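First comes the structure, then the notes that go with it.
The values are calculated or read from the model by the stated rules, or taken from the named source; none is laboratory data. Nothing here was measured: the structure is a model prediction, and the numbers come from that model. Here the Cβ positions follow ideal geometry from the backbone for every residue, glycine too, while neighbour counts run over all protein chains shown. Calculation scope for accessible area: heavy atoms of the full protein, side chains included, ligands and nucleic acids excluded. Shrake-Rupley method; radii C 1.70, N 1.55, O 1.52, S 1.80 Å.
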Amino acid sequence: MIFTNLEDKLQNNSLSKKIITCIEFARNNNILDFANGSYFIPETDIKMNVMSYNTKSEEDGFWGSHIKYIDVQVMLSGNEYISINNIYELESEGYKESDDFCAYKGNELTRILFRKNDVLVFYPEDAHKTSLKVGESELVKKIKSNPKYNELV
């Protein structure tokens, strides 16, 4: 997992080209004006999902990870907690290949406060439970981009 910020140019420039592409697209475009939905970052094969939702309780959250894709998340507005653990510390509940989604159950190792302009990069071993409320539920808007894991170099 990598935790950075849109403005952290030193760290961001050390990342793989496809991750840099996701971060730079988010940094250089007014994605807050994008409607919720799926888009491709121009001149790439990287899908970007723009989403808005209300944060939820811990009990309503769920663990997940991906095998074929990494998950580059950028917070555009609002705050949420994201619980994190290694997949080897959780119990697998199955893999849905069509969605490249692995479900798990278990406890968190740690959690991160995810705020405006923060960036998280989750690799296949990084199980995460997103959308968790900080205090009261609030509306957040973020993007999730999914470059293929085996094409990062």
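Points worth noting:
- Note on the stretch 100-153: Cα-only Rg and Dmax are 13.2, 41 Å.
- Look at the alpha carbon pairs under 8 Å that are at least 6 residues apart: their mean separation over the length of the chain gives a relative contact order of 36 percent.
- Rounded, prolate or oblate (a/c below 1.5 giving rounded, otherwise prolate when a/b exceeds b/c) for the stretch 55-110 by Cα gyration tensor: oblate
- Net charge dipole size for the stretch 1-91 [Lys, Arg +1 and Asp, Glu -1 on Cβ; Debye, nearest 20]: 400
- The slack in the chain from Gln11 to Leu32, taken as 0.36 nm per residue of separation less the alpha-carbon distance, amounts to 5.2 nm.
- Probe 1.4 Å, all protein chains present, accessible-area order of Lys142, Lys17, Lys47, largest first: Lys17, Lys47, Lys142
- Inter-label distance, Glu91 to Glu136: 3.7 nm, where each label sits 7 Å from its Cα along the C-beta direction.
- Where labels lie 7 Å past Cα in the beta-carbon direction, separation of Tyr53 and Phe101 in nm: 0.8
- When the Cα convex hull of the chain is projected onto planes of every orientation, the mean area is 8.8 nm².
- The stretch 62-126, relative contact order [Cα under 8 Å, separation at least 6], %: 53
- Once C-alpha pairs closer than 8 Å and six or more residues apart are averaged by separation and normalised to the residue number of the stretch 7-88, the relative contact order reads 23 percent.
- About the Cα centre, charge dipole magnitude for the chain (Lys/Arg +1, Asp/Glu -1 at Cβ), debye: 400
- A straight Cα-to-Cα reach below 20 Å connects Lys56 with the lysines Lys105, Lys116, Lys129, Lys133, Lys141, Lys142, Lys144, residues fewer than 8 places away in its own chain not being considered.
- Note on Glu43 and Ile20: their simple-model spin labels are 1.4 nm apart, each label 7 Å out from Cα toward Cβ.
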